[in-house]
Amino acid sequence: MGDIIFPHLNIHIHNLGKSIEVFGFPIAFYGMIIALGMLLGGSLVLYLAKKTGESEDAFLDLIIWCLVFAVIGARVYYVLFSWDYYKDDLISIFNLRGGGLAIYGGIIGGVITGYIVLKKKGIPFLRGADIAMCGVLVGQILGRWGNFFNREVFGGYTDSIFAMLLPINDIRSMSDVTEEMTANLVVIDGVEYISVHPTFLYESLWNLGVLIILLILFNRKKFDGEIFFGYLIGYGLGRFWIEGVRTDQLLLWNTNIPVSQLLSAILIVAGVIGEIILIKKYREKKTD
């Protein structure tokens, strides 16, 4: 339990813990925030399904199955790109309480599962994906605040207006602390702080902006897939630049290439190509 400070914004949060105890059992804020994100994201999906005349039961099934395999995908992705850490202690792979979920793995697992479920329900994938990705964004917006409580997923050293001071002894993994951070330690009341980019905040606010834009487009969309590919472009753009700031990047095997940054670039390209193809088909259909 320690303080988190945004010195240039005059925000000082005192004695912020990472969990609370219920009947002697610790419950992490991270887990509660993820659960809240799932609940609110799922609620938005059901609302949009009802609004567009889709079966709420079908989308409820979609939510349940996608959540299960999104968590599995998020864990598999993280383990694959952190194999050196797990290869000598395979049992730790199943210790989710120790952390280690990657959102891109969750997206991949969720999309694959969603495609299968939607096909079985007789709902066109792109139509269902337009609805589902809005809910995914809600989960991503809230989920990053779990990283805030865990003192993780931060960026490199900065003294900018958004600089965030974290007690160095509260950092989840010291491997995320760079030499530049330790060279610029800030000491307050005898406590050493690192000054970092609050990338959790950057991504949460970026995703909020993307969600607002997509919800506006949702009410005006001309064809199925417009929102889905818009998500790929919007989220990909934000994640690409934010990933470049982070210090806890997962790297492509035997390279210094951040795998999430690479995937972000692929999402952007795929989203642009998808939008172009669908726009062309929509215009051709209008002229028929």
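Scanning for something without any contact (Cβ under 8 Å) to a residue 12 or more places away in the chain, farther than 23 Å from Ser82 by Cβ and either out of contact with any helix residue (DSSP H, G or I) (no Cβ under 6 Å at 6 or more places or on another chain) or surrounded by 20 or more Cβ atoms within 10 Å (Cβ to Cβ) (or both), does region 199-207 turn up at least one residue?
yes
In region 1-47, how many residues are free of Cβ contacts under 8 Å to residues at least 40 places away in the same chain, under 25 Å from Asn207 (Cα atoms) and either surrounded by 17 or more Cβ atoms within 10 Å (Cβ to Cβ) or charged (D, E, K, R) (or both)?
Selection size over region 1-47: 1.
Could you list, in sequence order, all residues of region 233-261 that are without any contact (Cβ under 8 Å) to a residue 12 or more places away in the chain and not aliphatic (A, V, I, L, M)?
Matches in region 233-261: Trp241, Asn254, Thr255, Asn256.
Could you please let me know if Leu101 is more than 26 Å from Ser173 (Cβ to Cβ), outside any strand (DSSP E or B) and in contact with a Lys or Arg (Cβ under 8 Å, 6 or more places away or on another chain)?
Answer is no for this residue.
Are there helices (runs of 4 or more DSSP H) fully within region 5-91 with at least 2 residues that are more than 29 Å from Leu126 (Cβ to Cβ)? List them.
Here the list reads 29-51, 83-86.
Taking Gly73 as meeting all but one of (1) modelled with pLDDT of 85 or more; (2) more than 19 Å from Trp145 (Cα to Cα); (3) over 16 Å from the mean Cα position of the chain (by Cα), write down the number of the exception.
(3) is the only condition that Gly73 fails.
Of the residues Gly274, Gly190, Gly225, Gly230, which single one is small (Gly, Ala, Ser) and free of Cβ contacts under 8 Å to residues at least 40 places away in the same chain?
Gly190
Per-residue answers, yes or no, for (1) of a type in the set (Phe, Trp, Tyr); (2) closer than 18 Å to Tyr104 by Cα; (3) touching a helix residue (DSSP H, G or I) at 6+ places or on another chain (Cβ under 7 Å):
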site: Trp241; (1), (2), (3): yes, yes, no
site: Leu252; (1), (2), (3): no, yes, yes
site: Thr255; (1), (2), (3): no, no, no
site: Ile266; (1), (2), (3): no, yes, no
site: Ala270; (1), (2), (3): no, yes, yes
site: Glu275; (1), (2), (3): no, no, yes
site: Ile279; (1), (2), (3): no, no, no
site: Arg283; (1), (2), (3): no, no, no
site: Lys286; (1), (2), (3): no, no, no
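The values are calculated or read from the model by the stated rules, or taken from the named source; none is laboratory data. Keep in mind that this is a model prediction, so the values were computed, not measured. So basically every Cβ, Gly included, is an ideal-geometry build from the backbone, and we count neighbours across all protein chains shown.
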